[in-house]
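Enquirer: Attaching a single structure in structure tokens format; questions to follow.
The values are calculated or read from the model by the stated rules, or taken from the named source; none is laboratory data. Quick caveat, the model's predicted, so the values are computed rather than measured. All Cβ positions, glycine included, derive from the backbone under ideal geometry; neighbour counts span all protein chains shown. For the accessible areas, the whole protein counts, side chains as well, though only heavy atoms, and no ligand, DNA or RNA atoms are used. Shrake-Rupley method; radii C 1.70, N 1.55, O 1.52, S 1.80 Å.
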Amino acid sequence: MDPLPKDGESAAGGEPSRGAAPSSGVVVQVREKKGPLRAAIPYMPFPVAVICLFLNTFVPGLGTFVSAFTVLCGARTDLPDRHICCVFWLNIAAALIQILTAIVMVGWIMSIFWGMDMVILASKYSATSIPSALCC
């Protein structure tokens with residue numbers, strides 16, 4: 001049996017491959033910077049996040065308003081240095097922005113995207129940890 005081809009060699013005949021770029025070993029890490037409103041979205045259990053998305057789709061801001069209360073029940077956010085009440089009021093502010101700007105369709109679209117972010121965060125949360133029930 002022939003050994004596997006080495007770096008820089010093609011599998012066909014041991015010749016160096018012409019189109020292959022040498023590996024430089026550079027690792028690039030990208031981190032998303034979130035604003036305070038976006039970082040205040042709580043990591044909820046998946047079913048609760050889907051309900052909030054459903055509510056946000058049909059009544060703009062209602063799912064965001066409900067998600068604010070999950071913060072009081074112990075849901076984690078990306079704002080660990082802020083007090084729970086501050087994060088709660090940031091979510092209430094986001095819900096009010098969605099409700100007040102829904103007249104011009106901006107709030108409705110923002111509300112749907114907010115709900116999708118809740119589901120995405122919930123799926124990441126449930127994949128990395130054991131889901132636990134909320135205390136409320």
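Enquirer: Which pairs do you get when a residue that is in contact (Cβ under 8 Å) with a residue 12 or more places away in the chain and charged (D, E, K, R), found in the stretch 31-60, comes within reach of a residue that is in a loop (DSSP other than H, G, I, E, B) and open to solvent by 10 Å² or more (accessible area, probe 1.4 Å), reach meaning Cβ atoms under 7 angstrom, with the pair 6+ apart or on two chains?
Expert: Listed by first residue and then by second, the contacts come to K34/D78.
Enquirer: Can D7 be described as modelled with pLDDT under 95, in contact with a Pro (Cβ under 9 Å, 6 or more places away or on another chain) and assigned to a loop (DSSP other than H, G, I, E, B)?
Expert: On the way: modelled with pLDDT under 95: yes; in contact with a Pro (Cβ under 9 Å, 6 or more places away or on another chain): yes; assigned to a loop (DSSP other than H, G, I, E, B): yes.
Taking the combined requirement at face value, the residue satisfies it.
Enquirer: Further question on the same structure: Would you please name the residue that is farthest from F69 (Cα to Cα), looking only at residues in the stretch 23-45 that are open to solvent by 90 Å² or more (accessible area, probe 1.4 Å) and under 15 Å from the mean Cα position of the chain (by Cα)?
Expert: Our first condition is that a residue be open to solvent by 90 Å² or more (accessible area, probe 1.4 Å); within the stretch 23-45, this holds for 23-24, 26-33.
With under 15 Å from the mean Cα position of the chain (by Cα) added as a condition, the list becomes 30-33.
On the way: V30: 31, R31: 28, E32: 25, K33: 24 Å.
By that ranking, first place goes to V30.
Enquirer: How many residues are open to solvent by 40 Å² or more (accessible area, probe 1.4 Å) and closer than 18 Å to F113 by Cβ if we restrict to the stretch 58-78?
Expert: Within the stretch 58-78, the subset open to solvent by 40 Å² or more (accessible area, probe 1.4 Å) is 58-59, 62, 65-66, 69, 72, 74, 76, 78.
Subset that is closer than 18 Å to F113 by Cβ: 58-59, 62, 65-66, 78.
Final tally of qualifying residues: 6.
Enquirer: Can you confirm whether the stretch 111-132 contains a residue that is open to solvent by 70 Å² or more (accessible area, probe 1.4 Å), modelled with pLDDT under 90, assigned to a helix (DSSP H, G or I) and of a type outside the set (S, T, Y)?
Expert: There is at least one residue in the stretch 111-132 that is open to solvent by 70 Å² or more (accessible area, probe 1.4 Å), modelled with pLDDT under 90, assigned to a helix (DSSP H, G or I) and of a type outside the set (S, T, Y).
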